[in-house]
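Take a look at the structure set out below.
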Amino acid sequence: SLDYQAGMESTMMLTSGALSGSNVCLHATGTYGSMLAMSYEKFMADVDLCGAIKKLLQPVEFSEDTFAIELIKEMGAKGNYLMQSHTHKRCRTEFYIPDLNIRTNHTKWMDMDQREMIDRAGKLVKQQLEQYQKPDIDPSIEKDLVTFITRQKTET
């Protein structure tokens, strides 16, 4: 199931791959039990995790603009930086905003219909499948693919 251990294993596997410089993780998302099973809900959770890891590994930009040196000089230590346009421009891009993780307080979380990540992931899977549009494929290529798949099914 989509539990703490599954999340921990995905975190270790995906983070180690990203830290080693890999940019493709085949068969890494959505799997359980050393790739013996797959879950669409876990796939969505792992995609969210990949986004967080990608953001984590982005270099921090060190510049007068990103550090708001002029604003700090102007506002001082007691200034209200949350109301400044500099903060407003960056507050939605400097942090990773996940699709599945809840970013609210405990009271609001308790009032939610879908408190469990697996439930929210299931809803996201349904949305993705409903929005899917089959890409245009050359008919000869599609015929070859169907032939290949049919042959593979009969041989196994």
**Study point:** Qualifying residue in region 25-37 (condition: surrounded by 15 or more Cβ atoms within 10 Å (Cβ to Cβ), out of contact with any strand residue (DSSP E or B) (no Cβ under 9 Å at 6 or more places or on another chain), part of a loop (DSSP other than H, G, I, E, B) and of a type in the set (A, V, I, L, M))
**Key:** yes
Practice item. Show the residue pairs that are 6+ apart or on different chains and have beta-carbon atoms under 6 Å apart, the first residue being within region 52-80 and in contact (Cβ under 8 Å) with a residue 12 or more places away in the chain, the second being outside any helix (DSSP H, G or I). Key: Ala52/Tyr96; Lys55/Tyr96
Check your understanding: Mind checking whether some residue in region 117-131 is among the polar types (S, T, N, Q) and touching a residue at least 24 places away in the same chain (Cβ under 8 Å)?
Key -> yes
Review point. Of Leu49, Leu100, Leu82, Leu129, which residue is closer than 26 Å to Gly33 by Cβ, aliphatic (A, V, I, L, M) and exposed (fewer than 10 other Cβ atoms within 10 Å of the Cβ)?
Key: Leu129
Point to revise | Pairs where the first residue, in region 3-21, is surrounded by 15 or more Cβ atoms within 10 Å (Cβ to Cβ) and the second is polar (S, T, N, Q), C-beta under 8 Å, 6+ apart | key: Ser10/Thr29; Leu14/Thr29
Review point. Glu61 fails exactly one of the following numbered conditions: (1) surrounded by fewer than 16 Cβ atoms within 10 Å (Cβ to Cβ); (2) within 12 Å of the chain's Cα centre (by Cα); (3) of a type in the set (D, E, K, R). What is the number of that condition?
Key: (2)
Review point. Name the residues in region 98-121 that are of a type in the set (A, V, I, L, M, F, W, C) and within 17 Å of the chain's Cα centre (by Cα), would you?
Key: Leu100, Ile102, Met117, Ile118, Ala121
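Read-outs: derived from the displayed coordinates by stated rules, not from any lab. It should be emphasised that the depicted structure is a prediction, and the values quoted were computed from it without experimental measurement. A quick note on method: Cβ atoms are made from the backbone with ideal geometry, for glycine too, and the neighbour counts reach across all protein chains shown.
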